[in-house]
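So the structure is just underneath, and the comments pick up after that.
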There are 2 protein chains.
Amino acid sequence: VIVVLSGGVGAARLLRALRYVVAPSDVTAIVNVGDDLELHGLTICPDLDTITYTLAGLNNEELGWGLTGETWRVMDELTALGGASWFRLGDKDLATHLFRTQRLRDGATKSAVTAEITARLGILETLLPVTNDHLATRFRTEIGELSFQEYFVQHHHDTVVEEILFEGASTCQAAPGVLAALRSAERIVIAPSNPLISVAPLLQVPGVREILVERRAHVIAVSPIVAGNALKGPADRLLRELGYDSSALGVAAYYANFVGTMIIDDADAALAPEIRAHDMDVRVTTTVMAERDNASRLAKEVVA
Amino acid sequence: VIVVLSGGVGAARLLRALRYVVAPSDVTAIVNVGDDLELHGLTICPDLDTITYTLAGLNNEELGWGLTGETWRVMDELTALGGASWFRLGDKDLATHLFRTQRLRDGATKSAVTAEITARLGILETLLPVTNDHLATRFRTEIGELSFQEYFVQHHHDTVVEEILFEGASTCQAAPGVLAALRSAERIVIAPSNPLISVAPLLQVPGVREILVERRAHVIAVSPIVAGNALKGPADRLLRELGYDSSALGVAAYYANFVGTMIIDDADAALAPEIRAHDMDVRVTTTVMAERDNASRLAKEVVA
């Protein structure tokens, strides 16, 4: 089994690409829940949903988030009522949140609800939220402390971050199956997700980082930074603001204690010697998955 | 000011009819919350919403509930996911519940949220939920104890009721303005709502019944039973099952301690003498508000 430590969009694309080379039933994604939020009384899990929608073939490619064929009836009415509309929730997407929230109220865990939704959508990969307990990524910024979505969506990740906080990190426990999957995986892949805000919360869950350190030789990470820039989101800016090098080398340095192999983009081939100096193997390929051939090639490197 | 003790549809129609004869700003509705429910994490207030939608001219006349021009995108998706779909929530209607739930989570009271929604929709009547505390109508039935909506919607009020329970009745307090409105009203009107499940919860709130008893001469009730039948819902059947006469006379007997005047339908004129024996005045008119002339005539009797 291949285990993929996953944020949202980048992880979803990698998981989809893995279908070119591995049976979906042999893939387990351990998914970040630090971005999860409560809004309008609903429990919303953006990373789990992005992966679910992508693997179900229902993701909105043009928008880059949410569902294809989405409509906005509820949101339009909510806006007319004066409700909070900064976090856009489409009508189809809302059904997922209503379903999840009711099941959680019934006493089901986030793990159980995730399994129900993926089964219903015919997804054969296993999706595991990293924890069923409270774990919330927060930001100490120049304008005060912000929740993840306040920083990311409401402020368009356009404010200086001084520190990233992980609320609940000391008390949460790994969800059932998470540590066992990491221990027994043939390979552990860190998806090309934001190291500081998508991967870091996974590492905060007691046990996860320790297993990665132990199994470093089996851990492979795909750099989300290409030629110094994040393909999506604020990873490059955050790396700089928090004192890291905004490059595949900076990512490698951040991962060095628990990653044995880095996959970097052709554009960053010149960084390979410096990354090897961290006692890491380096593979160079096209990491941008926009085209089918690239995605397939990257997937082959990941499982090679 | 005219105060109307209100359930859902019958009260909404009476409130709308009152606009023929009274300025809307001189009307206060004290509204039942015993039917309110939590579903999918949302707080839903069917009686408040029915009145709100009707007074805003947005109610769905054909369906008899919900909003005009409603769509069902979220519900269709939720059903596809295997979610609970027995309580139908339209897309526009959902916006109300999302708005209310977020405001309640923000710490606003149900009273405050109701005022916000009615202001936004341009409603000039004052709508007061009878209490901001927990008050839930429940049913002990032949098939076990049921919540209001389980009885009403899921089981189509088609099971034998042995007892009606009011959870929270002993601990809830009247919402701000409720008791003062009842004390100072020129007239208190009991809408043609179900006596046992729409009006009874209002009477359970400490202070309400006592004021009605004191002010009995100013309290007027419109019978929701015409020729032995409820115009809508299970009022007739429930009256029988719980040992009351299923007639305007049965309603009068139930109300006799705190209602000075009964308005009954022409069809029930023969019952007037027996109702008068309860020391009540009786007015006879057409209580069915299907036509504009009837609604206007009923409203005139109510304020006469």
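I want to confirm something. Restricting to region B:144-156 and keeping residues that are touching a residue at least 24 places away in the same chain (Cβ under 8 Å) and surrounded by fewer than 18 Cβ atoms within 10 Å (Cβ to Cβ), which single residue is farthest from B:Y255 (Cα to Cα)?
So, considering only residues that are touching a residue at least 24 places away in the same chain (Cβ under 8 Å) and surrounded by fewer than 18 Cβ atoms within 10 Å (Cβ to Cβ), the one farthest from B:Y255 (Cα to Cα) is B:Q154.
Read through the list (1) modelled with pLDDT under 95; (2) within 28 Å of B:M262 (Cα to Cα); (3) among the polar types (S, T, N, Q), then give the number of the only condition that B:T159 fails.
(2)
Quick check: is even one residue across region B:65-87 closer than 19 Å to B:T131 by Cβ and not in a helix (DSSP H, G or I)?
Checking region B:65-87: not a single residue is closer than 19 Å to B:T131 by Cβ and not in a helix (DSSP H, G or I).
Can you tell me which residues in region A:6-46 are in a helix (DSSP H, G or I) and open to solvent by 10 Å² or more (accessible area, probe 1.4 Å)?
Hits for region A:6-46 are A:V9, A:G10, A:R13, A:R16, A:P24, A:S25, A:D26, A:P46.
Pull out all pairs, ordered by first then second residue, where Cβ-Cβ is under 6 Å, the residues are six or more apart or on different chains, the first lies in region B:70-95 and is within 20 Å of B:E150 (Cβ to Cβ) and at the interface with chain A (Cβ under 7 Å from one of its Cβ atoms), and the second is open to solvent by 60 Å² or more (accessible area, probe 1.4 Å) and of a type in the set (D, E, K, R).
Note: pairs meeting the criteria are B:G82/A:R120.
Is there any pair linking a residue in region A:205-228 that is over 21 Å from A:A290 (Cβ atoms) and free of Cβ contacts under 8 Å to residues at least 12 places away in the same chain to one that is assigned to a loop (DSSP other than H, G, I, E, B) and open to solvent by less than 60 Å² (accessible area, probe 1.4 Å), with Cβ under 7 Å and at least six apart or on different chains, and which?
Once the first residue is over 21 Å from A:A290 (Cβ atoms) and free of Cβ contacts under 8 Å to residues at least 12 places away in the same chain and sits in region A:205-228, no partner that is assigned to a loop (DSSP other than H, G, I, E, B) and open to solvent by less than 60 Å² (accessible area, probe 1.4 Å) comes close enough.
Just name the residue that is nearest to A:V213 (Cα to Cα) out of those in region A:243-259 that are of a type outside the set (S, T, Y) and open to solvent by 10 Å² or more (accessible area, probe 1.4 Å).
Taking the candidates together, the pick is A:N257.
Take region B:193-236 and flag every residue that is part of a loop (DSSP other than H, G, I, E, B), in contact with a strand residue (DSSP E or B) (Cβ under 9 Å, 6 or more places away or on another chain) and over 25 Å from B:Q154 (Cβ atoms).
Within region B:193-236, B:V205, B:P206, B:G207, B:R215, B:S223, B:A227 qualify.
Which ones in region A:290-299 are surrounded by 14 or more Cβ atoms within 10 Å (Cβ to Cβ) and among the basic types (K, R)?
The answer is A:R297, and nothing else.
Before we move on, is B:E186 open to solvent by 40 Å² or more (accessible area, probe 1.4 Å), charged (D, E, K, R) and at pLDDT below 95?
So B:E186 does not fit the description; no.
In this structure, is A:L127 in contact with a Ser or Thr (Cβ under 6 Å, 6 or more places away or on another chain), farther than 26 Å from A:G243 by Cβ and either open to solvent by 70 Å² or more (accessible area, probe 1.4 Å) or not in a loop (DSSP other than H, G, I, E, B) (or both)?
Yes.
Checking B:T137 against (1) away from every other protein chain (no Cβ under 11 Å); (2) more than 21 Å from B:I51 (Cα to Cα), which single condition isn't satisfied?
All conditions pass for B:T137, except number (2).
Taking the conditions exactly as written (at pLDDT 95 or above, among the polar types (S, T, N, Q), touching a Lys or Arg at 6+ places or on another chain (Cβ under 7 Å) and surrounded by 22 or more Cβ atoms within 10 Å (Cβ to Cβ)), does B:N132 satisfy them or not?
Judged against the criteria, B:N132 is a match.
Here is a list of conditions, (1) modelled with pLDDT of 95 or more; (2) surrounded by fewer than 23 Cβ atoms within 10 Å (Cβ to Cβ); (3) within 14 Å of chain A (Cβ to nearest Cβ), and B:G66 meets all of them except one; can you say which number that is?
It fails just one condition, (1).
For residues in region A:102-117 being more than 9 Å from chain B (Cβ to nearest Cβ) and surrounded by fewer than 20 Cβ atoms within 10 Å (Cβ to Cβ), which is farthest from A:D26 (Cα to Cα)?
Per the stated criteria, the residue is A:D106.
Here are the criteria: (1) closer than 27 Å to A:E210 by Cα; (2) buried (at least 20 other Cβ atoms within 10 Å of the Cβ); (3) not polar (S, T, N, Q). Tell me which single one A:V303 does not satisfy.
It fails just one condition, (2).
To keep it simple, each residue is scored yes or no on (1) of a type in the set (S, T, Y); (2) modelled with pLDDT under 95; (3) within 24 Å of A:R73 (Cβ to Cβ).
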{"site": "B:L55", "(1), (2), (3)": "no, no, yes"}
{"site": "B:M75", "(1), (2), (3)": "no, no, yes"}
{"site": "B:W86", "(1), (2), (3)": "no, yes, yes"}
{"site": "B:K92", "(1), (2), (3)": "no, no, yes"}
{"site": "B:F99", "(1), (2), (3)": "no, no, yes"}
{"site": "B:S111", "(1), (2), (3)": "yes, no, no"}
{"site": "B:I123", "(1), (2), (3)": "no, no, yes"}
{"site": "B:A136", "(1), (2), (3)": "no, no, no"}
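Can you name the condition, by its number, that A:R138 falls short on among (1) surrounded by fewer than 22 Cβ atoms within 10 Å (Cβ to Cβ); (2) under 14 Å from A:V31 (Cβ atoms); (3) under 17 Å from the mean Cα position of the chain (by Cα)?
Condition not satisfied by A:R138: (2).
I'm trying to understand the selection: among the residues of region A:254-282, which are under 23 Å from A:A17 (Cα atoms), touching a residue at least 40 places away in the same chain (Cβ under 8 Å) and in contact with a helix residue (DSSP H, G or I) (Cβ under 6 Å, 6 or more places away or on another chain)?
A:G260, A:M262, A:I263, A:I264, A:D268
Give me the residue from region A:6-25 that is in contact with a strand residue (DSSP E or B) (Cβ under 9 Å, 6 or more places away or on another chain) and among the hydroxyl-bearing types (S, T, Y) and, out of that set, nearest to A:A191 (Cα to Cα).
A:S6
When B:G168 is evaluated against the numbered criteria (1) among the small types (G, A, S); (2) surrounded by fewer than 20 Cβ atoms within 10 Å (Cβ to Cβ); (3) within 14 Å of chain A (Cβ to nearest Cβ), which criterion, by number, is the only one it fails?
Here B:G168 meets the rest and fails (3).
Select from region A:261-280 the residues that are hydrophobic (A, V, I, L, M, F, W, C) and surrounded by 13 or more Cβ atoms within 10 Å (Cβ to Cβ) and list them in ascending order.
A:M262, A:I263, A:I264, A:A267, A:A269, A:L271, A:A272, A:I275, A:M280
Does B:Q149 qualify as being modelled with pLDDT under 95, polar (S, T, N, Q), closer than 25 Å to B:T68 by Cα and not in a loop (DSSP other than H, G, I, E, B)?
yes
I'd like to check something: does region B:117-137 contain any residue that is without any contact (Cβ under 8 Å) to a residue 12 or more places away in the chain and closer than 18 Å to A:L81 by Cα?
Yes, that holds for at least one residue.
The values are calculated or read from the model by the stated rules, or taken from the named source; none is laboratory data. All figures in this text were calculated on a predicted structure; none of them were measured in a lab. So basically every Cβ, Gly included, is an ideal-geometry build from the backbone, and we count neighbours across all protein chains shown. Heavy atoms of the whole protein, side chains included, go into the accessibility calculation; ligands, DNA and RNA do not. Shrake-Rupley method; radii C 1.70, N 1.55, O 1.52, S 1.80 Å.
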